[in-house]
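Student: Pasting in a structure now, in structure tokens, and then I'll have a few things to ask.
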Amino acid sequence: MITSDKKSISLLADIFVKKGLSDIVISPGSRNAPIILAFANNPQINAISIIDERSAAFFALGMSIEKQKATAIACTSGSAALNYAPAIAEAFYQKVPLLILTADRPPELIDVGDGQTIRQKDVYGNYIKASFELPENIDSPGAFELANQMINRAIDLAHFPEPGPVHINLPFSEPLYNTTVETVEGKVFPHGRNNKNPKQSYLKTLAGQWNKYDKVLIIAGQQILNNKLNEVLSEFVTRKNVVLLTETTSNLFDNNFVGCIDNVLTAIREDELDFFKPELLITFGGQVVSKKIKKFMRSHKPVEHWHLSPSGEALDTYQCLTKSVALTPELFFETMADYINTSPAAYAKAWMQKRNRVIGRREDFLSELEYSDLKVFDVLLQHIPVGTTLHLGNSTPVRYAQLFGTREFITYRSNRGVSGIDGQVSTAAGAAYATDNINLLITGDVGFLYDSNGLLNQNLTPNLKIIVINNGGGGIFRFIPGPDTSPQLEKFFETKHNYSAEKIAQTFNIRYVKTRSIRELLYALPEFFNESEKPVLLEVFTPGNTNAIWLRKYFEYLKG
């Protein structure tokens with residue numbers, strides 16, 4: 001096998017494979033030639049080429065989420081590395097494994113006016129789990145052993161105890177393109193993951209504290225699909241009379257869970273708020289979309305708040321955290337079930353009554369609703385095929401989806417780590433590349449236009465489906481108090497426009513369909529979801545000026 005004559009990168013490629021990794025997304029360059037030679041020539045590594053580093057990193061993010069193991073990204077030196085930053089920040093806050101390989105000039109050429117050179121060591125600062133700089137020269141036994149340990153540690157940290165991005169900076173001296181058939185063999189160390197069960201005394205102490213309270217509320221944040229956890233919680237909530245609030249991005253489904261948080265909170269009257277306030281709040285997972293639940297919990301604080309996290313992270317979303325429990329949610333609830341007393345049913349019953357009431361009122365409202373974004377989402381979310389992975393664009397799409405709850409056998413994704421609109425197309429494309437399932441992205445027009453360069457990609461697969469809700473601008477700013485009454489709304493907040501996705505789709509050889517009514521939408525959807533030879537984009541035009549009005553009327557109706 002032909003590889004780079006740079007021993008450090010040859011060693012990295014060898015350990016990469018031995019650790020069970022297989023995918024790397026490479027952006028073109030010259031300084032990263034040794035990375036290309038070592039990885040792209042290895043038959044056990046799937047090397048992908050994507051021109052735009054920002055899009056490439058989000059594409060790798062989508063692959064990593066789908067495969068639940070790190071995808072590597074590799075680029076040349078200089079500003080190329082900075083274009084990775086948005087996806088790295090998303091991976092950090094969403095806890096996605098990612099291995100970042102940045103080629104660099106040797107240290108003596110930094111800050112001396114050499115071309116395509118910036119300060120790359122530790123360049124990602126606060127948004128990585130760890131940063132390493134691999135020595136170029138590993139000829140001595142000591143240097144080789146140090147590099148071997150460094151690579152092992154970097155790959156392990158990307159996965160344990162919780163996943164995240166890890167950076168390896170790689171200084172290379174010229175010549176860059178020399179090759180050899182002599183590969184460097186590395187040694188793999190065990191990752192040392194802690195699989196020990198918690199001590200019974202610790203669990204009994206937690207249970208003793210839990211059993212002091214009658215009103216226990218559990219809130220699930222964003223997480224990947226976890227059937228074992230779903231099974232544990234389904235049994236747990238019925239046995240213990242506790243309340244579990246979920247969002248679509250929690251990927252939890254059961255008729256005894258309380259979804260559609262914003263709907264339910266809207267229906268709670270002022271004089272009921274104290275009753276619905278929990279005494280014990282337990283949270284797990286990542287970010288929560290609902291601003292209403294954050295406001296409610298921050299102003300109606302529980303006596304205790306425990307956050308469950310394998311790494312012991314103290315995620316204080318509701319500004320009332322009292323304890324961080326270093327356990328996975330499934331292990332925590334499974335083992336605690338034997339120690340916790342059954343709570344009185346009144347608290348759980350009240351939440352369920354509110355949930356059931358707003359479901360009925362929602363259906364009544366939607367049956368009379370005129371053509372709008374809300375009506376479009378009602379139709380779309382009912383017609384998504386079973387087995388689809390649904391990617392929800394930030395701003396309005398991910399928020400609209402929360403109003404309709406979780407459908408069983410649909411997997412929900414969204415870049416809610418940082419909640420930016422950048423990278424939505426690219427992330428969905430990466431996930432689609434990594435699986436045969438339909439990967440559907442529903443995004444707004446501004447989010448799509450922002451990441452339309454994600455279609456500049458020869459690796460797009462036919463299972464990628466994109467729906468663009470085109471209401472002529474950033475509709476979210478018509479809902480937010482402040483921008484909605486500003487004289488600068490249309491130009492600077494909403495960024496009102498008259499662009500269409502049609503020519504973009506044509507440019508990148510994407511099949512294009514458009515609709516302007518519910519009748520046209522219902523006619524187009526069956527063909528849209530059918531198998532095709534290339535990706536397909538459906539652009540749904542809606543009236544931008546009335547969407548906010550209908551959404552406000554919707555919440556007023558739920559209040560009843």
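The values are calculated or read from the model by the stated rules, or taken from the named source; none is laboratory data. Owing to the predicted nature of the structure, the values given are computational and were not obtained by experimental measurement. Virtual Cβ from ideal backbone geometry, glycine too; neighbours counted across all protein chains shown.
Student: Hey, any hits in the range 368-388 for a residue that's surrounded by 14 or more Cβ atoms within 10 Å (Cβ to Cβ) and within 30 Å of residue 274 (Cβ to Cβ)?
Tutor: no
Student: Only one of (1) closer than 26 Å to residue 2 by Cα; (2) touching a residue at least 60 places away in the same chain (Cβ under 8 Å) is not met by residue 166, so which one is it?
Tutor: Unmet for residue 166, out of (1) closer than 26 Å to residue 2 by Cα; (2) touching a residue at least 60 places away in the same chain (Cβ under 8 Å): (1).
Student: While we're looking at this one, here's another question. Can you name every one of the helices (runs of 4 or more DSSP H) wholly within the range 1-96 that holds 2 or more residues which are out of contact with any strand residue (DSSP E or B) (no Cβ under 7 Å at 6 or more places or on another chain)?
Tutor: Values: elements: 7-18, 33-40, 53-67, 79-82, 85-94.
Qualifying helices (runs of 4 or more DSSP H): 7-18, 53-67, 79-82, 85-94.
Student: Return the pair list, or none, for Cβ contacts closer than 6 Å from residues in the range 41-70 that are under 13 Å from residue 23 (Cβ atoms) to residues that are of a type in the set (Val, Ile, Thr) and part of a helix (DSSP H, G or I), at least 6 apart or on different chains.
Tutor: From the range 41-70, the pairs are 44/17; 61/427; 62/427.
Student: Among the residues of the range 118-163, what is the count of those that are among the small types (Gly, Ala, Ser), touching a residue at least 40 places away in the same chain (Cβ under 8 Å) and under 19 Å from residue 73 (Cβ atoms)?
Tutor: The total comes to 2.
Student: Which of (1) outside the structural domain of residue 265 (by TED's automatic domain parsing); (2) under 26 Å from the mean Cα position of the chain (by Cα); (3) free of Cβ contacts under 8 Å to residues at least 60 places away in the same chain is the odd one out, the single condition residue 323 does not satisfy?
Tutor: Only one criterion in (1) outside the structural domain of residue 265 (by TED's automatic domain parsing); (2) under 26 Å from the mean Cα position of the chain (by Cα); (3) free of Cβ contacts under 8 Å to residues at least 60 places away in the same chain is unmet by residue 323, namely (1).
Student: Here's a follow-up. Looking only at the range 341-367, filter to residues that are exposed (fewer than 14 other Cβ atoms within 10 Å of the Cβ) and of a type in the set (A, V, I, L, M); which one of those is modelled with the lowest pLDDT?
Tutor: Among them, the one singled out is 345.
Student: Please state which one of 386, 325 is of a type in the set (A, V, I, L, M) and closer than 24 Å to residue 520 by Cα.
Tutor: 386
Student: For the list (1) without any contact (Cβ under 8 Å) to a residue 12 or more places away in the chain; (2) within 21 Å of the chain's Cα centre (by Cα), I need the number of the one condition that residue 199 fails.
Tutor: Looking at each condition in turn, residue 199 falls short on (2).
Student: Can you pull out the residues in the range 55-79 that are more than 16 Å from the chain's Cα centre (by Cα) and either among the charged types (D, E, K, R) or surrounded by fewer than 22 Cβ atoms within 10 Å (Cβ to Cβ) (or both)?
Tutor: The answer is 78, 79.
Student: Being surrounded by fewer than 21 Cβ atoms within 10 Å (Cβ to Cβ), touching a residue at least 40 places away in the same chain (Cβ under 8 Å) and touching a Phe, Trp or Tyr at 6+ places or on another chain (Cβ under 7 Å) is the requirement here; does residue 207 meet it?
Tutor: Here the answer is yes, as residue 207 does meet what is asked.
Student: Could you check, for the range 270-291, whether at least one of its residues is part of a helix (DSSP H, G or I), among the hydroxyl-bearing types (Ser, Thr, Tyr), at pLDDT 95 or above and within 23 Å of residue 560 (Cα to Cα)? So that I can check it myself, show each step before the final result.
Tutor: Just the residues of the range 270-291 that are part of a helix (DSSP H, G or I), to begin with: 270-276, 291.
Cutting the leftovers down to among the hydroxyl-bearing types (Ser, Thr, Tyr) gives us none.
No, there is no match, as no residue in the range 270-291 is part of a helix (DSSP H, G or I), among the hydroxyl-bearing types (Ser, Thr, Tyr), at pLDDT 95 or above and within 23 Å of residue 560 (Cα to Cα).
Conditions (1) under 19 Å from residue 443 (Cα atoms); (2) in contact with a Cys (Cβ under 6 Å, 6 or more places away or on another chain); (3) surrounded by fewer than 13 Cβ atoms within 10 Å (Cβ to Cβ); (4) in contact (Cβ under 8 Å) with a residue 60 or more places away in the chain, marked per residue:
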site	(1), (2), (3), (4)
513	yes, no, no, no
521	yes, no, no, yes
525	yes, no, no, yes
528	yes, no, no, yes
538	yes, no, no, yes
547	yes, no, no, yes
560	no, no, yes, yes
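Residue-wise test of (1) outside any helix (DSSP H, G or I); (2) surrounded by 12 or more Cβ atoms within 10 Å (Cβ to Cβ).
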{"position": "184", "(1), (2)": "yes, yes"}
{"position": "189", "(1), (2)": "yes, yes"}
{"position": "197", "(1), (2)": "yes, no"}
{"position": "225", "(1), (2)": "yes, yes"}
{"position": "235", "(1), (2)": "no, yes"}
{"position": "244", "(1), (2)": "yes, yes"}
{"position": "252", "(1), (2)": "yes, yes"}
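Student: Quick one: would you say residue 42 is closer than 15 Å to residue 172 by Cα, crowded, with 21+ Cβ neighbours inside 10 Å and of a type outside the set (A, V, I, L, M, F, W, C)?
Tutor: On the way: closer than 15 Å to residue 172 by Cα: no; crowded, with 21+ Cβ neighbours inside 10 Å: yes; of a type outside the set (A, V, I, L, M, F, W, C): yes.
Criteria not met by residue 42.
Student: Let me ask another. With the requirement that a residue be surrounded by fewer than 17 Cβ atoms within 10 Å (Cβ to Cβ), of a type in the set (A, V, I, L, M, F, W, C) and in contact with a strand residue (DSSP E or B) (Cβ under 8 Å, 6 or more places away or on another chain), what does the range 316-340 give you?
Tutor: Passing the criteria: 320, 321.
Student: From the residues in the range 450-505 that are at pLDDT 95 or above and among the acidic types (Asp, Glu), which one is nearest to residue 516 (Cα to Cα)?
Tutor: Among them, the one singled out is 502.
Student: Could you tell me whether any residue of the range 452-461 is touching a His at 6+ places or on another chain (Cβ under 6 Å), within 19 Å of residue 88 (Cα to Cα), of a type outside the set (Ser, Thr, Tyr) and not assigned by TED's automatic domain parsing to the domain that holds residue 265?
Tutor: For the range 452-461, residues touching a His at 6+ places or on another chain (Cβ under 6 Å), within 19 Å of residue 88 (Cα to Cα), of a type outside the set (Ser, Thr, Tyr) and not assigned by TED's automatic domain parsing to the domain that holds residue 265: absent.
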